[in-house]
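Okay, here's the structure, questions in a sec.
Just so it is clear, none of the values below were taken in a lab; they were calculated from the coordinates. All values reported here derive from a predicted model rather than from experimental measurement. Methodologically, a virtual Cβ is constructed for each residue, glycine included, from the backbone with ideal geometry; neighbour enumeration extends over all protein chains shown.
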Amino acid sequence: MEEKEISQAVISRLPRYFRYLGELKADGVERISSQDLSKLMNVTASQIRQDFNNFGGFGQQGYGYNVEFLYDEIGKILGLDQTHNFIIIGAGNLGRALGNYMNFERRGFLFKGMFDRNPELIGMDVRGVTVLHMDELEEFIKKNAIEIAVLTIPKTSAVEVAEKIVSYGIKAIWNFAHVDLEVPEGIQVENVHLSDSLMKLSYNLSRYKKEQE
Ligand code: NAI
């Protein structure tokens, strides 16, 4: 397939396709038409076809798409056919909640280490992973081929920590700190702000209430 620039809007929809296809696969569904997938996912069939056309269309033939093939192909596009070692920096409430979530492994994200600067948290066990001190970070990243760091530390420390981990070889940052990180080219950053999603919910709630007035 020819490599071309895919829009971030399309990329952001792929995980949802992947999730639905995974469920269809688990239910033993072998083929699905774009119309049926569209009904299931509550998006238009033309949106689905347009999205898939970015990747050559995934060979829809006769009646619909082959579910397993489509699931595997979208998985490959998302890089989920490989495993990725990750660490969490910041063993507070959020860091521990993420560390305790089992399903990342199912997608090939392997929870390898957890770090904090608070001496009281060092040695704590989070789902079989021992919280280590930040002093051990550099060696740990290098020895364990860590690709991804999850930042669950306050914004006041995030910029400095991000700079350090990039110099230690981290390739991607899943950033929960409320600050924009400046990283060298080639380093991937995905910012997560749960409150953005909550504000969207709040907007829709207010709009609905106004409509009912
Ligand atoms: P917390 O206070 O329970 O945990 C923060 C942890 O980071 C503490 O254990 C602290 O010792 C550690 N820490 C601070 N500076 C550090 C450094 N330089 N190196 C290593 N460890 C360091 O806070 P919580 O609730 O876990 O939240 C963590 C951060 O994530 C907060 O700044 C919060 O604003 C943010 N947050 C972001 C959300 C989002 O959707 N993006 C949602 C919830 C929290």
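How big is segment 75-213 by the Kirkwood estimate over distinct Cα pairs, in Å?
About 16.2 Å for segment 75-213.
To the nearest 10 degrees, how steep is helix 155-168 against the longest Cα principal axis of the chain, on a 0 to 90 scale?
So the inclination is approximately 90 degrees.
Next up: Antiparallel versus total DSSP beta bridges in the chain: what percent is that, nearest 5?
Looking only at bridges with both residues in the chain, the antiparallel portion is about 15 percent.
Still on this structure: Report Rg(Cα)/(2.2 N^0.38 Å) for segment 141-213, keeping two decimals.
Normalised Rg, Cα atoms only: 1.53.
Which of the lysines could be linked to K155 by a straight reach, that is with a Cα gap under 30 Å, when you skip same-chain ones fewer than 8 residues away?
K112, K142, K143, K164, K171, K200
Using amide H atoms built in the peptide plane, which far-off residues or other-chain residues are under 5 Å from L110 H to H?
H84, N85, F86
Ranked highest first by the average count of other Cβ atoms within 10 Å around their residues, in what order do 148-158, 10-20 fall?
So the order, starting with the most tightly packed, is 148-158, 10-20.
Under a GNM of the chain (C-alpha, springs under 10 Å), which listed residue has the highest mean-square fluctuation: Q50, Q188, Q82?
Q50
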